[in-house]
1. Fewest to most neighbouring Cβ within 10 Å: what's the order for L33, L65?
2. Go through the stretch 25-38 residue by residue and turn each phi into a ³J(HN,Hα) via Karplus (6.51, -1.76, 1.60, θ = phi - 60°); whole Hz please, and just put x for glycine and proline.
3. Using 7 Å Cα-to-Cβ label points, what is the L73/E57 separation (nm, one decimal)?
Amino acid sequence: MSKKPIDHDQGGQILKDKSSEFTVEKFVRKRYLRGRPQYLAKWEGYPMKQCTWEPLENLGNCMTLVADFEAELYKQDQEKMNTH
């Protein structure tokens with residue numbers, strides 16, 4: 001499935017595989033598998049049930065979204081620490 005790249009300011013970024021391009025709408029969660037980070041990607045135009053876990057090394061074209069997601073996680077952690 002091929003999609004037009006969209007403006008990074010609107011949130012979506014393109015992740016390419018060998019045959020297709022997919023637009024990451026946002027990252028939903030983070031986990032570690034064998035000590036390596038993975039991000040749960042919500043794909044533009046697809047329902048939440050079709051989110052996929054993507055290793056960081058697959059997200060080279062989405063580093064702005066990864067950084068924004070990490071900043072949000074950090075902010076949430078700081079808020080939790082300040083409320084205890």
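1. L33, L65
2. Calculated HN-Hα couplings, in order: 6, 6, 9, 9, 8, 9, 8, 10, 10, 6, x, 10, x, 10 Hz.
3. In this crude label model, L73 to E57 measures out at 1.8 nm.
Rule-based calculations on the coordinates, nothing more; no lab input. For clarity, every value in this text was computed on a predicted model and none was experimentally measured. With ideal geometry, Cβ positions are generated from the backbone for all residues, glycine too; neighbour counts draw on all protein chains shown.
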